[in-house]
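Chemist: Once you've had a glance at the structure underneath, I'll fire off some questions.
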Amino acid sequence: RGAVGGKWPRAWREHDLESSYDAVIIGGGVHGLATAYYLARDHGMRKVAVLDKAYIGSGGSGRNTAILRSNYLTPEGVRFYDRSVKLYEHLAADLNYNVMFSQRGHLTLAHNDASLRTMHWRTEVNKLQGVDSEVIGPDRIKDLVPYLDTSPDTRYPILGALYHPPGGIVRHDAVVWGYARGADAHGVHIHQQTEVTGIDVSHGRVTGVQTTRGRIATPVVLNATAGWATLISDMAGVSMPVQTFPLQAAVTEPVRPFLDTVVVSGTLHVYVSQTDRGELVFGASVDPFASYSMRGSLEFTEGIAGHVLELMPALHRMKLLRQWAGLCDMTPDYSPIMGPTPVEGFYVDVGWGTYGFKAGPVSGEAMAATLATGKPPEIIAAFGLDRFGDGRLVGEKGAAAVGH
Ligand code: PYC
């Protein structure tokens, strides 16, 4: 759909809130919108509402650092995120929307023997799942990223890296808008500025959702929020083993392209990539205390600047343009919580820690199948809420930006 008479058509429509829907999805981020899109497209379920208390993509989907990769450590995680990378590879064509996925390669640096060992471990798990990863040494790292200081006499010398060629970055809001437009075209109603204030449960089953615009009767509710995962689940009487922490990020002024891989250092708690606009995007680890704050802090700026300069001293004259924080709902095992809950009809797609954005497409596909059939597909079977009671945790030490 292009501009007609110089005016761009609206990508998704506004609707009156109907008094009932077949399914209500809480959270208009990439997970909620992707679920709605696949529900309508693949399962023919079109009387679906997506609710967001602000505007779509205003939560974690607009606050991440847009990194895509599948080089995790657990076989369950690698398979899951690899399916997401595969869906991202075709997303622009599927949605007819340029999401600017740039598979420029992803490097996780190792500064000590213990990390190098973990990189070898991840490589082997990745290869067994058919995912392209290898451990490379400082010379190849320097070829890929000439601006990195790979000399042996730095405070944290680079001993090697896990190199993952399929990884890269994407334009995050294009993903949100593309899914929104696709869902709208299949008949889904997207309701922005519509805050959920309560979830009605009767005899152990969901019956409706209370919102600031009125009540909706529905037999199926999905909590696809990040930052508010526990608060929304509490409304249905389901408690989640989740704690919420801010994660801060920042971008610099734009400069000519010089960095065409994603560089991550777990030891230095930093990751860096360059967007197509030329800005450098920096992110840190989650803040060390639980909070719902979405503001940046001076400590973060000082810390990140120091760490980036340890890796790339040549950047010392660059200026930061802006900084922000996103909310990370952390679970005890660094894996998400997806599937049914003890309340019939109430499903969750939460606990997205620092890994949610990249999982949007696969989560949407899998949650759509779960909502349509009532049964989670194999690809998310390991991530059910019941694993905490049963002691079947999926310890995902390939998660980034968390202090393991
Ligand atoms: O999983 O690659 C990642 C990531 C980077 C920043 C936060 N998560």
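Chemist: Give me the number: length gained by fully extending Tyr55 to Asp132, i.e. 0.36 nm times residue separation minus the C-alpha to C-alpha distance, one decimal in nm.
Modeler: 24.1 nm
Chemist: Over the chain, with the other protein chains present, what is the accessible area per residue in square angstrom, probe 1.4 angstrom?
Modeler: 42
Chemist: Mind pulling the angle between the C-alpha long axis of helix 360-373 and the longest principal axis of the chain? Nearest 10 degrees, somewhere in 0 to 90.
Modeler: That works out to roughly 30 degrees.
Chemist: Sticking with this structure for a sec: What's the carbon and sulfur percent of the stretch 9-106's accessible surface, probe 1.4 angstrom, rounded to a whole number?
Modeler: On the stretch 9-106, the fraction of accessible area on carbon and sulfur atoms equals 45 percent.
Chemist: Using only the Cα atoms, what convex hull volume per residue in Å³ does the stretch 305-344 have?
Modeler: Spread over its residues, the Cα hull of the stretch 305-344 gives 141 Å³ apiece.
Chemist: While we're on this one: Can you list residues from other chains, or at least 5 along the same chain, whose modelled amide H is less than 5 Å from the amide H of Val188?
Modeler: none
Chemist: If you stretched the chain out fully between Ala290 and Tyr156, how much longer would it get, using 0.36 nm times the residue separation minus the C-alpha to C-alpha distance?
Modeler: Once the chain is fully extended between Ala290 and Tyr156, it gains 45.4 nm.
Chemist: Viscosity 0.890 mPa s, temperature 25 °C: what is the translational diffusion coefficient of the chain from Stokes-Einstein with a Kirkwood Rh over Cα pairs, rounded to a whole number of µm²/s?
Modeler: For these conditions, the coefficient is 114 µm²/s.
Chemist: While we're looking at this one, here's another question. Anything over 31 Å Cα to Cα? Flag those among Lys7/Lys47; Lys7/Lys86; Lys47/Lys397; Lys319/Lys397, in the order listed.
Modeler: In this structure, Lys7/Lys86; Lys47/Lys397; Lys319/Lys397 exceed 31 Å between Cα atoms.
Chemist: Another question about this same structure. Using the Cα centre of the stretch 1-138 as the reference point, and only Cβ charges (+1 on K/R, -1 on D/E), how large is the resulting charge dipole? Debye, rounded to the nearest 20.
Modeler: 300
Chemist: Right, here's the next one. Would you pull out the residues with amide H under 5 Å of Thr211's amide H, same chain only if 5 or more places away, H placed 1.01 Å from N?
Modeler: The answer is Thr197, Ile216.
Chemist: Using only Cα atoms, what is the ratio of the radius of gyration of the stretch 297-404 to 2.2 N^0.38 Å?
Modeler: Taking N as the residue count of the stretch 297-404, the ratio is 1.41.
Chemist: Per-residue ellipticity at 222 nm for the chain, helices alone: DSSP H runs ≥ 4 residues times -39500 (n - 2.57), over residue total, nearest 500 deg cm²/dmol?
Modeler: -8500 deg cm²/dmol
Chemist: Please compute the contact order of the stretch 247-404 in relative form: average sequence separation of alpha-carbon pairs under 8 Å and at least six residues apart, divided by the residue count, as a percent.
Modeler: Once divided by the residue count of the stretch 247-404, the mean separation gives 23 percent.
Chemist: Around Val135, which amide H atoms from residues at least 5 apart in sequence, or from another chain, sit under 5 Å from its own amide H, with H modelled in the peptide plane?
Modeler: The answer is Tyr163.
Chemist: Now for a different question. Place the peptides 179-189, 33-43 in order of packing, highest mean first, counting for every residue the other Cβ atoms within 10 Å and averaging per peptide.
Modeler: Top to bottom by mean Cβ count within 10 Å: 33-43, 179-189.
Chemist: Do you know the relative contact order of the chain, to the nearest whole percent, from alpha carbon pairs under 8 angstrom that are 6+ apart?
Modeler: Dividing the mean separation by the residue count of the chain yields 23 percent.
Chemist: Same structure, new question: On C-alpha positions alone, give me the angle between the axis of helix 113-128 and the longest principal axis of the chain, in degrees, nearest 10.
Modeler: 50
Chemist: What chymotrypsin sites (Phe, Trp or Tyr not before Pro) does the stretch 63-167 have in DSSP loop regions with at most 15 other beta carbons within 10 Å?
Modeler: Tyr147
The values are calculated or read from the model by the stated rules, or taken from the named source; none is laboratory data. In this text, all values refer to a predicted model and were calculated from it rather than measured experimentally. All Cβ positions, glycine included, derive from the backbone under ideal geometry; neighbour counts span all protein chains shown. Areas reflect the complete protein model, heavy atoms only, side chains present, ligands, DNA and RNA absent. Shrake-Rupley method; radii C 1.70, N 1.55, O 1.52, S 1.80 Å.
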